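Notes to accompany the following structure.
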Amino acid sequence: MKKALATLAAALIAGPAFADHRQIDIEDNTFIPSARIGIDIFPRGEQPSVPHSGHGIEIGFTGTSGEDSQTRTAGAPALTFGGRSFTAPTTLNYDFDFRFLEIAYRFRHFFGAGSFGIEALGGLGFAELEVRATSGLQTASEKLQSGGLVGGFGIVWKFLPQTSLQSRITIFGSGDREGVTGAARFDVFVAQALGRHAAVRAGLTSWGLVSQRDEDDDFGSINSHLRAGFGGLAVGLELAF
């Protein structure tokens with residue numbers, strides 16, 4: 001799933017997926033916490049912490065850390081990252097920190113008795129991926145940062161009055177080449193309202209990110225493309241107003 005989302009991000013945002021022999025490839029299973037503030041615009045008469053039809057604003061933040069390694073066999077082209085060239089054969093060890101902030105307009109609509117609904121979102125996002133690579137005595141690091149547009153679509157099933165099963169796919173595109181070119185996220189979780197203005201979510205989240213990186217960097221060399229996929233157990237807190 002994580003690699004599929006990274007490929008989706010590449011296809012939708014950065015063009016065709018890069019050839020594996022010339023890209024940095026990172027994949028990990030990790031815990032992903034998140035926080036969200038939801039503000040109803042219209043209507044405002046229902047319990048804000050329980051999903052309902054209407055218009056609103058969402059402000060969300062998430063982040064995680066992880067690590068992975070990539071083995072380069074003899075004859076593979078060198079990978080360039082952070083001004084350093086890593087020649088094969090070698091094993092590169094990566095560790096990363098990821099953060100994502102978004103603010104979006106949200107529309108939800110529930111059908112019939114109100115137990116099944118859909119949602120659509122659109123707005124702005126900011127993605128930051130800091131990667132450190134080591135191989136033998138060589139070490140390199142970079143912080144990839146980009147702002148861009150966010151769009152999403154989700155499905156909500158309220159199987160109990162205060163409890164719902166929610167899934168959502170979110171796409172981020174920056175238009176940059178040297179930062180985070182594009183990203184895709186898939187969430188599936190159970191949400192439980194805690195009173196009128198708070199809810200908790202628990203489930204699974206998977207992220208895919210790409211950095212096209214086909215221009216000269218600050219060190220005068222051409223960096224290798226980067227693709228990252230990570231995901232796992234996710235827990236979130238939501239405040240609703």
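Since every read-out is calculated from the coordinates, none of them should be taken as a lab result. None of the values given here were measured: they were computed from a predicted structure. All Cβ positions, glycine included, derive from the backbone under ideal geometry; neighbour counts span all protein chains shown.
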Once the convex hull of the alpha carbons of region 110-149 is built, what does its volume come to per residue, in cubic angstrom? 93
Read through the labelled values (i) 105; (ii) 195; (iii) 137 and report the label of the one computed as volume of the Cα convex hull per residue in Å³ from the structure. (i)
Have a look at region 19-96 and give its Rg and Dmax from the Cα atoms, expressed in angstrom. 21.9, 65
Determine one quarter of the surface area of the Cα convex hull of region 61-113, which equals its mean projected area, and express it in nm² to one decimal. 7.7
From the gyration tensor of the Cα coordinates in region 89-222, what semi-axes in whole Å does the equivalent ellipsoid have, largest first, with each one equal to sqrt(5λ)? 38, 17, 11
Can you give me the relative contact order of region 145-236 as a percent, contacts being Cα pairs under 8 Å and 6 or more apart? 22
Enter the Cα centre distance for the pair region 110-152 and region 35-80, rounded to the nearest angstrom. 5
Sorting Thr205, Thr64, Thr139 on the 10 Å Cβ count, fewest up front, what's the list? Thr139, Thr64, Thr205
